[in-house]
Ligand SMILES: [Zn+2]
Ligand SMILES: [Zn+2]
């Protein structure tokens with residue numbers, strides 16, 4: 001079958017390859033992948049800025065149809081069922097994290113798409129415990145967004161606990177920023193400020209407002225601090241959701257949070273260390289919440305919200321390309337064109 005692989009360590013080394021299909025073991029299912037979204041993490045893997053074990057098939061934001069069920073899962077899953085799935089391959093199931101429902105940060109995890117074969121391929125074989133049914137009526141284009149939508153649920157609802165918050169700043173208006181807007185709206189947050197750059201001004205800012213942002217700020221043209229202070233009676237926002245991974249946005253954002261406010265960290269930073277106004281975190285008694293990936297509980301939240309938010313989520317899919325045109329999709333991502341680009345494995 002055709003598959004997009006990271007073929008060797010170092011920068012680059014991404015290529016379309018012909019690889020053998022793998023039959024499911026007793027506890028696995030084999031899925032004919034429909035769509036797999038291109039994620040910022042894929043660019044980090046290409047650039048060798050995110051842990052990866054080549055040669056490995058990339059891609060982790062998948063949806064598809066079950067085509068084969070392992071012997072131990074007979075009855076639990078049927079051929080023909082439409083599914084999405086988590087990427088926590090290798091999680092041990094026995095450590096304190098796994099037993100607490102957090103296999104997404106199990107030290108034994110070897111995530112599919114970076115350390116175990118992923119879903120930029122015609123078929124994917126995965127452990128059955130990772131798989132979830134797609135709710136009836138949710139189209140493929142929306143189901144394909146389940147993984148990032150679950151991450152946003154984990155960050156804002158579970159880790160961030162932003163339910164009681166009135167004003168939030170979301171820095172970054174790519175997929176994670178825009179999905180954070182959807183969750184912020186669901187949580188009833190009144191003021192949702194979204195910041196970005198010239199790259200976001202044409203398309204993504206309009207989308208952010210359509211999804212529920214009350215204000216968008218281009219930090220290259222406007223003074224973000226002034227806008228935030230004007231809209232918060234000079235106090236700063238109750239919570240700041242950092243989705244950009246940009247060192248400049250991170251050092252600029254800390255003083256925009258209200259004293260005793262909350263900082264929710266989502267965006268991956270390319271560098272190992274970056275400057276942060278550390279003392280401000282202390283002086284202002286800010287809460288700092290690190291977030292990574294998506295535990296099973298967040299998938300339940302995402303899947304139960306997908307039918308309701310389907311019309312909004314569908315707006316985030318700005319291109320669908322056949323797998324062969326992956327390089328074009330990666331280039332569009334790198335240049336910040338559109339929002340979510342899906343690769344179609346069946347075309
Ligand atoms: Zn992703
Ligand atoms: Zn574990």
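The values are calculated or read from the model by the stated rules, or taken from the named source; none is laboratory data. Bear in mind the structure is a predicted one, so any value in this text is a computation, not a measurement. So basically every Cβ, Gly included, is an ideal-geometry build from the backbone, and we count neighbours across all protein chains shown.
The table that follows gives values for the structure above.
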{"item": "Evaluation of residue 210 against (1) outside any strand (DSSP E or B); (2) within 25 Å of residue 43 (Cα to Cα) (one fails), failing number", "result": "(2)"}
{"item": "Some residue of the stretch 175-185 being in the same structural domain as residue 250 (by TED's automatic domain parsing), surrounded by fewer than 24 Cβ atoms within 10 Å (Cβ to Cβ) and touching a strand residue (DSSP E or B) at 6+ places or on another chain (Cβ under 9 Å)", "result": "yes"}
{"item": "Conditions (1) part of a loop (DSSP other than H, G, I, E, B); (2) assigned by TED's automatic domain parsing to the domain that holds residue 77; (3) surrounded by 18 or more Cβ atoms within 10 Å (Cβ to Cβ); (4) away from ligand 2 (no atom under 16 Å from the Cβ): number failed by residue 109", "result": "(4)"}
{"item": "Odd one out for residue 150, checked against (1) within 16 Å of ligand 2 (Cβ to nearest atom); (2) closer than 18 Å to residue 42 by Cα", "result": "(1)"}
{"item": "Filter pass, residue 293 being assigned to a loop (DSSP other than H, G, I, E, B) and within 30 Å of residue 139 (Cα to Cα)", "result": "yes"}
{"item": "Residue within the stretch 69-87 that is outside the structural domain of residue 266 (by TED's automatic domain parsing), within 16 Å of ligand 2 (Cβ to nearest atom), on the phi < 0 side of the Ramachandran plot and in contact with a helix residue (DSSP H, G or I) (Cβ under 9 Å, 6 or more places away or on another chain) present", "result": "yes"}
{"item": "Residue ID - farthest from ligand 1 (Cβ to nearest atom), chosen from residues in the stretch 150-192 that are assigned to a helix (DSSP H, G or I) and out of contact with any helix residue (DSSP H, G or I) (no Cβ under 8 Å at 6 or more places or on another chain)", "result": "164"}
{"item": "Of all residues in the stretch 128-165 being more than 30 Å from residue 32 (Cβ to Cβ) and in contact with a strand residue (DSSP E or B) (Cβ under 6 Å, 6 or more places away or on another chain), the one that is surrounded by the fewest Cβ atoms within 10 Å (Cβ to Cβ)", "result": "159"}
{"item": "Inter-residue pairs, beta-carbon under 7 Å, first over 21 Å from residue 50 (Cα atoms) and in the stretch 86-112, second within 16 Å of ligand 1 (Cβ to nearest atom) and not in a loop (DSSP other than H, G, I, E, B), 6+ apart", "result": "97/105"}
{"item": "Any hit, the stretch 79-91, residues being assigned to a strand (DSSP E or B), modelled with pLDDT of 95 or more and within 14 Å of ligand 1 (Cβ to nearest atom)", "result": "yes"}
{"item": "Residues of the stretch 112-127 satisfying the condition of being part of a loop (DSSP other than H, G, I, E, B) and surrounded by fewer than 21 Cβ atoms within 10 Å (Cβ to Cβ)", "result": "115, 122"}
{"item": "Number of positions in the stretch 296-345 that are in a loop (DSSP other than H, G, I, E, B) and out of contact with any helix residue (DSSP H, G or I) (no Cβ under 7 Å at 6 or more places or on another chain)", "result": "2"}
{"item": "Close pairs from the stretch 299-323: first at pLDDT below 95, partner part of a helix (DSSP H, G or I), Cβ under 9 Å, at least 6 apart", "result": "307/142"}
{"item": "Subset of the stretch 92-105 [more than 16 Å from ligand 1 (Cβ to nearest atom) and on the phi < 0 side of the Ramachandran plot]", "result": "92, 94, 95, 96, 97, 98, 99, 100, 102, 103"}
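Residue by residue, here is whether (1) surrounded by 14 or more Cβ atoms within 10 Å (Cβ to Cβ); (2) farther than 23 Å from residue 174 by Cα holds:
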position: 268; (1), (2): yes, no
position: 272; (1), (2): no, no
position: 278; (1), (2): no, yes
position: 286; (1), (2): yes, yes
position: 296; (1), (2): yes, yes
